[in-house]
Amino acid sequence: MTLTYGSLEVITGSMFCGKTEELIRRLRRATIAKQKVQVFKPAIDNRYAYSKVMSHSGADYQALPVNSSQEILDNLEPDVTVVGIDEAQFFDDGIVDVANQLADLGMRVIVTGLDTDFRGEPFGCMPVMTAKADKVDKLAAICMVCGEPATRTQRLVNGKPANYNDPIVIVGASEMYEARCRRHHEVPRD
Ligand SMILES: [Zn+2]
């Protein structure tokens, strides 16, 4: 397959906005178009299945779990024309350079990632990744409180909104996440 101009596409938004669903849709279409596709995910994301990216609605696509952005370069197969990278916010900062490097080589790179964390703060590499992208789609979920479009991820610890200063892992606590609109996104501070 002859490479055309490369590009970097970012699909972002809160949890439950359908980022991975949209990634899988684009990957399937690329496969139908006879592109050679390879997909990477951070090894820390053990949700659902280990060697797949999987949407909340159950769609999936084969993916290689890697421990660092460098491992994407190390494991890239020959003749790949489309590269998918899921959950980019969990990668090291080198992921932005890796994605741009592949796009500069002529590949179509499609990246998903959370734009903000549960506090509503920019998440990891995503602000820079988004700035460097050729195309950005910011999807909205549905607010679990009012049904309006949701752009935020609500973290609940033992059923109550998590505090801004709560640690990322709280041992023994029951935790869950919901999509919320700006009005219903609650982040109490001490
Ligand atoms: Zn709401």
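Okay, here's what the table says:
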quantity	calculated
Residue that is farthest from the ligand (Cβ to nearest atom) [pool: residues in the range 133-190 that are among the hydroxyl-bearing types (Ser, Thr, Tyr) and open to solvent by 30 Å² or more (accessible area, probe 1.4 Å)]	174
Residue within the range 111-132 that is of a type in the set (Gly, Ala, Ser), within 16 Å of the ligand (Cβ to nearest atom) and open to solvent by less than 70 Å² (accessible area, probe 1.4 Å) present	yes
Residue among 39, 66, 82 that alone is closer than 16 Å to residue 113 by Cβ and touching a Leu at 6+ places or on another chain (Cβ under 9 Å)	39
Odd one out for residue 174 among (1) at pLDDT 95 or above; (2) not assigned by TED's automatic domain parsing to the domain that holds residue 66	(1)
Flag for residue 79 being open to solvent by 70 Å² or more (accessible area, probe 1.4 Å), at pLDDT 95 or above and closer than 17 Å to residue 7 by Cβ	no
Cβ pairs under 6 Å, 6+ apart, first in the range 7-35 and touching a residue at least 40 places away in the same chain (Cβ under 8 Å), second open to solvent by 30 Å² or more (accessible area, probe 1.4 Å) and part of a loop (DSSP other than H, G, I, E, B)	7/134; 8/134; 14/151; 17/140
Among the candidates 99, 88, residue that is in contact (Cβ under 8 Å) with a residue 24 or more places away in the chain, closer than 30 Å to residue 148 by Cβ and either crowded, with 18+ Cβ neighbours inside 10 Å or polar (S, T, N, Q) (or both)	88
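The values are calculated or read from the model by the stated rules, or taken from the named source; none is laboratory data. Values in this document were obtained by computation on a predicted structure and should not be read as measured data. Methodologically, a virtual Cβ is constructed for each residue, glycine included, from the backbone with ideal geometry; neighbour enumeration extends over all protein chains shown. Accessible surface is based on the protein model in full, side chains and every heavy atom, while ligands, DNA and RNA are left aside. Shrake-Rupley method; radii C 1.70, N 1.55, O 1.52, S 1.80 Å.
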